[in-house]
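Engineer: Could you have a look at this structure, given as structure tokens, before my questions?
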Amino acid sequence: MKKTIQILLFIFCISVSAQQKAVSVIQSQLPEKFIGNWINANTNHWEYGFFEKFVLYKSDFWDYKTVQTRKNGDVNLTLTKGKQTVQLLLKAEKDNRITVQTAKGNAVSYSKMDKVYPAYPQKDETAFAKPTFHKDSATIIGYYRNMDKIPAQFADRLKKSIFMVTAPDFISGKEQDYLADLDSLGRFKLTFPIMNAQELYVNGSSLQLHMSLEAGNTIALFVDLADYIPLDADQSREGYLNRPKQALFMGDNARLNNELTTYKPSSIYIDRNKAEKLTDMDYLSYCDSVYRKRTVVLNSFIAANPKVSKKFREFNSEYERYNLSIYLMQHQSDLRSKNKTTFDAGYMEYVRTNFPLDNEWAYTGLREFRSFLRDYIDYETSLRPPKTVTYLLKDVSNYMKQNKKVDDATQTLLDQIVAMYEDFEKSGKDQVEALQIKYKDLLIKVQTINPVVREASDEMFANRALDTQLSDSLLTNEHLRQMWNASSYYAELDQYHKALSDVKVNDMKTKVVNPDLIKSIMEVNNFYKNVANKGMTYEASLKNTSHLKEYQHAKALFEELIKPYKGKVIYVDFWGTWCGSCKENMKYVKDMKAKLKGQDVVFMYFADRSPEDSWKNIIKEMDLTGENVVQYRLPEKQEEIIERLFSVNSFPTYLLINKKGKVVNTKAARPMLGEITIQQISELLK
């Protein structure tokens, strides 16, 4: 019996020894055959990205704790992320396949990702979530692979140090860029604000991805930059764009975004230049035909991929539809050149029938919807009877009487001017000349009273609720109406760069009850309150010109204004607080000043028809003061004669004056052109 037990123990020991020998391991790096992105062979979801120094798994980065390669080539992995640990067993199969087994799961087969994302085998009829119109966030976690393999000639286009996603802001109506730094491996993580579903762009000169995310989403993005290097075989930009490239998504809404990346929309686009030679209805027919050709391409893709997701079908069909709407409503800009005020019969009937204004999802889900809505409301507003000069003057006059803003003599003069304009409006064309003679002296006095009227008008407007009657009647959907009203109040803040009056704040809170929208407006409003209360960095930049009020000749006045700065190069900026492009360019001045620091350069500004409080606010906000900065806000008539002297008929306009005081360039480059502008200035410094 004892001998039998010894024999059995001997056999058991041999067996254990054999097993240990079979599974003996070598601590190592992950073998090359496992490196890459792996697609679930059953579902076609991207679930693993195994790389040299980390793993992309469950939409996040995981570190290798241990990598143990067995003699048979299988690999035991232990992955960590914070306090979480995952154990995996990897087995290599034939035809670029592997199996992955978790500690508590079955082995699952995976295929290696190629250049084109495989079609999903199952249908997905999940719809976009119902919009809530509350602010949330989304997170993109990503990896730009092969940054170190980008040739030098393409480095500026592809080898970026930041990741950028662009999303429309529905309050400001502007595109908002959100940025994240890439680490040394090309990884990034970005969380940014989002509302409902939103259309996004991953931007770059060569890398451009079209995305759609919903509130609360976390998604992982992989891009192989080596695929984005231009090749001779591309032959054209279209060939480059259509060449398959490895860009794929993991996590929330990954399927939709993988399908968007796979789909190549039609290259046919509407040519706006054709509008000039076509009637309204012919232009409509042309746009509609292009739209139908584009939808043929979309429908062909869907037919070839019948299991494509419901979100993909809805997103792209609405994308194409509202892309058409933009071109149709932009056509109103062509009316003026054709001496028309309205579209031909049938044009707007088509628009109203095909583009309802109550699509909640489209407002945030498609970046073009808001632009369409803006142009639509602008057109409907243009159909209302315009307010005449007499109406506006009467309105201001009544406001001045009620608020006792002027003395009796000025009020009497204003009443006389109102009566004069009423006569002009009632008279026929044959009576105009006689009325001009009759009111010769009074017409001259109009110029003297203009500043008083403008000041009273600005004050009246600031203390009145916004007129939203038309937009309220058009936007029957409560959420869209609140979004539009919030954006209208933002537009006023952005135009005047000063806080809303208490009257307008109260009105805004009546028309906009969504707390997130109210918060957005009040943040901007409080910003301008703070701007108004802070001091000017260099008060001496704001020049008092009251001692020059007798100057009536433009050349003499201008010579007097620039005389203190002769011997320096003067960069002149004609701008206005009401001019969006002017303010946008001012954002680039700080960098210009820094690059020209210590040089004999003066930045001189002439403000056109700009209320004093807005004027000062913008100067403080943009920090447009300093020892080499001159800010002029001339009386209206003096500003006009100087603008006529240099044929300033658009804003902004820039001049360059050499050290001798001679204007040498009346079409100087604007600040946003950067080095070009600095070069023009530097040439005069030599």
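Taken together, the values in this text are just the output of simple stated rules run on the coordinates, not laboratory data. None of these values were measured; they are calculated from a predicted model. Reconstructed Cβ throughout: ideal geometry from the backbone, glycine too, with neighbour counts over all protein chains shown.
Engineer: Using label points projected 7 Å from each Cα along Cα→Cβ, tell me how many nm separate Asn76 and Leu335, to one decimal.
Structural biologist: It is 7.6 nm.
Engineer: By counting other Cβ atoms within 10 Å of each Cβ, how are Val165, Val432 ranked from fewest to most? Each step should come with its number before you reach the end.
Structural biologist: Values: Val165 22, Val432 11.
Fewest-to-most ranking of Val165, Val432: Val432, Val165.
Engineer: So what are the ³J(HN,Hα) numbers for the stretch 178-188, from phi and the Karplus equation (6.51, -1.76, 1.60; θ = phi - 60°), rounded to whole Hz, Gly and Pro as x?
Structural biologist: 10, 10, 9, 6, 8, 7, 5, 8, x, 9, 8
Engineer: Working out 0.36 nm times the residue gap between Thr132 and Leu241, then minus their Cα-Cα distance, what length gain in nm do you get to one decimal?
Structural biologist: Details: separation 109, 0.36 × 109 = 39.24 nm, distance 3.58 nm.
Difference between extended and current length: 35.7 nm.
Engineer: In degrees between 0 and 90, to the nearest 10, how far off the longest principal axis of the chain does helix 515-533 point, with axes built from Cα atoms?
Structural biologist: For 515-533 against the chain, the angle is about 50 degrees.
Engineer: May I pose another question? Check each of the GluC sites (Glu not before Pro) in the stretch 546-587 and keep only those in coil by DSSP with at most 15 other C-beta atoms within 10 angstrom; list them in order.
Structural biologist: On the way: sites: Glu550, Glu559, Glu560, Glu584; in loops: Glu550.
For GluC sites (Glu not before Pro) across the stretch 546-587 that sit outside H, G, I, E and B with at most 15 neighbouring Cβ atoms in 10 Å, the list reads Glu550.
Engineer: Ratio of Rg to Rh for the stretch 135-262, alpha carbon only, Kirkwood?
Structural biologist: Values: Rg = 14.8 Å, Rh = 15.3 Å.
Using Cα coordinates only, the ratio equals 0.97.
Engineer: Tell me, what is the Rg over Rh of the stretch 405-527, with Rh the Kirkwood radius over Cα pairs?
Structural biologist: On the way: Rg = 20.4 Å, Rh = 17.6 Å.
Across the stretch 405-527, the Cα-based Rg/Rh ratio is 1.16.
Engineer: To the nearest 0.05, what FRET efficiency results for Leu548 and Glu675 with a Förster distance of 30 Å applied to their C-beta separation? Walk me through the intermediate numbers first.
Structural biologist: Details: r = 36 Å, r/R0 = 1.20.
Computed FRET efficiency for Leu548 and Glu675: 0.25.
Engineer: Assigning unit charges at the beta carbon (Lys, Arg +1; Asp, Glu -1) and nothing else, what dipole magnitude in debye, to the nearest 20, does the chain show about its Cα centre?
Structural biologist: Values: 96 positive and 87 negative charges, 548 e Å.
Using Cβ point charges on Lys, Arg, Asp and Glu, the chain gives about 2640 debye.
Engineer: Could you list Asp600, Asp148, Asp224 so that the one with the fewest beta carbons within 10 Å of its beta carbon is first and the one with the most is last?
Structural biologist: On the way: Asp600 14, Asp148 11, Asp224 19.
By the 10 Å Cβ count, ascending, the order reads Asp148, Asp600, Asp224.
Engineer: Starting from 0.36 nm per residue, how many nanometres of slack lie between Tyr588 and Lys529 once their C-alpha separation is accounted for? All intermediate terms of the calculation are to be shown ahead of the outcome.
Structural biologist: Working: separation 59, 0.36 × 59 = 21.24 nm, distance 2.36 nm.
Taking Tyr588 through Lys529 to full extension adds about 18.9 nm, to one decimal.
Engineer: Based on the Cβ-Cβ distance from Val297 to Asp181, what FRET efficiency comes out when R0 is 35 Å, to the nearest 0.05? Each step should come with its number before you reach the end.
Structural biologist: On the way: r = 38 Å, r/R0 = 1.08.
It comes out at approximately 0.40.
Engineer: Let me ask something additional. Would you be so kind as to identify which of Met622, Phe646, Val165 lies farthest towards the positive end of the dipole of the chain, taking Lys and Arg as +1 and Asp and Glu as -1 on Cβ and the Cα centre as origin?
Structural biologist: My answer, from the dipole projection, is Val165.
Engineer: Just to confirm the filter: which trypsin sites (Lys or Arg not before Pro) across the stretch 111-208 are DSSP coil and have at most 16 other Cβ within 10 angstrom of their Cβ? Can you show the working numbers first?
Structural biologist: Numbers: sites: Lys112, Lys115, Lys123, Lys135, Arg145, Lys149, Arg157, Lys159, Lys160, Lys174, Arg187, Lys189; in loops: Lys115, Lys123, Lys159, Lys160, Lys174.
Those satisfying the criteria are Lys115, Lys123, Lys174.
Engineer: Moving on to the next point. Using only Cα atoms, find the angle between the long axis of helix 408-426 and the longest principal axis of the chain, and express it within 0 to 90 degrees, rounded to the nearest 10.
Structural biologist: The two axes meet at around 80 degrees.
Engineer: If you average 1/r across every pair of different Cα atoms in the stretch 466-520 and take the reciprocal, what Kirkwood value do you get, in Å? List each step's numbers first, then the result.
Structural biologist: On the way: mean 1/r = 0.0876 Å⁻¹.
After inverting the pairwise mean of 1/r, the radius is 11.4 Å.
Engineer: Report ³J(HN,Hα) in whole Hz for each residue of the stretch 391-407, in order, from the Karplus equation J = 6.51 cos²θ - 1.76 cosθ + 1.60 where θ = phi - 60°; Gly and Pro get x.
Structural biologist: For the stretch 391-407, the Karplus curve yields 4, 5, 5, 4, 4, 5, 4, 5, 4, 5, 5, 5, 10, 6, 8, 9, 6 Hz.
Engineer: Just to confirm my numbers, what's the Cα centroid distance between the stretch 116-177 and the stretch 419-454 in Å?
Structural biologist: Each part reduced to its Cα centre gives a spacing of 59 Å.
Engineer: Starting from the Cα of Glu314, move 7 Å in the Cα-to-Cβ direction to define the label point; list residues of the stretch 358-381 whose amide nitrogen is under 15 Å from there.
Structural biologist: Once the point is set 7 Å along Cα→Cβ of Glu314, 359-366 turn out to lie under 15 Å by backbone N, inside the stretch 358-381.
Engineer: Using the Karplus curve 6.51 cos²θ - 1.76 cosθ + 1.60 with θ = phi - 60°, what ³J(HN,Hα) values do you get for each residue of the stretch 73-88, in whole Hz, with x for Gly and Pro?
Structural biologist: Residue by residue, the stretch 73-88 yields x, 5, 10, 9, 10, 10, 10, 10, 8, x, 8, 7, 9, 10, 10, 10 Hz.
Engineer: Fewest Cβ neighbours within 10 Å first, please rank Asp344, Asp375 accordingly. Don't skip to the answer; put the middle values down first.
Structural biologist: Values: Asp344 13, Asp375 19.
Fewest-to-most Cβ neighbours within 10 Å comes out as Asp344, Asp375.
Engineer: Just the projected area, averaged over all directions, of the convex hull on the alpha carbon atoms of the chain: how many nm²? List each step's numbers first, then the result.
Structural biologist: Numbers: hull surface 174.2 nm².
Over all viewing directions, the chain projects a mean Cα-hull area of 43.5 nm².
Engineer: Can you compute the modelled spin-label distance between Arg384 and Asp472, with each label point 7 Å from Cα toward Cβ, in nm?
Structural biologist: According to this spin-label approximation, the distance is 1.1 nm.
Engineer: Still on this model: Given a Förster radius of 22 Å and the C-beta distance between Leu443 and Glu636 as r, what FRET efficiency does 1/(1 + (r/R0)^6) yield to the nearest 0.05?
Structural biologist: Numbers: r = 16 Å, r/R0 = 0.72.
Taking R0 as 22 Å, the efficiency between Leu443 and Glu636 is 0.90.
Engineer: Mind checking the full-extension length gain between Glu276 and Arg644? Use 0.36 nm per residue of separation minus the Cα-Cα distance, one decimal, nm.
Structural biologist: Details: separation 368, 0.36 × 368 = 132.48 nm, distance 3.12 nm.
Here the segment from Glu276 to Arg644 would lengthen by 129.4 nm.
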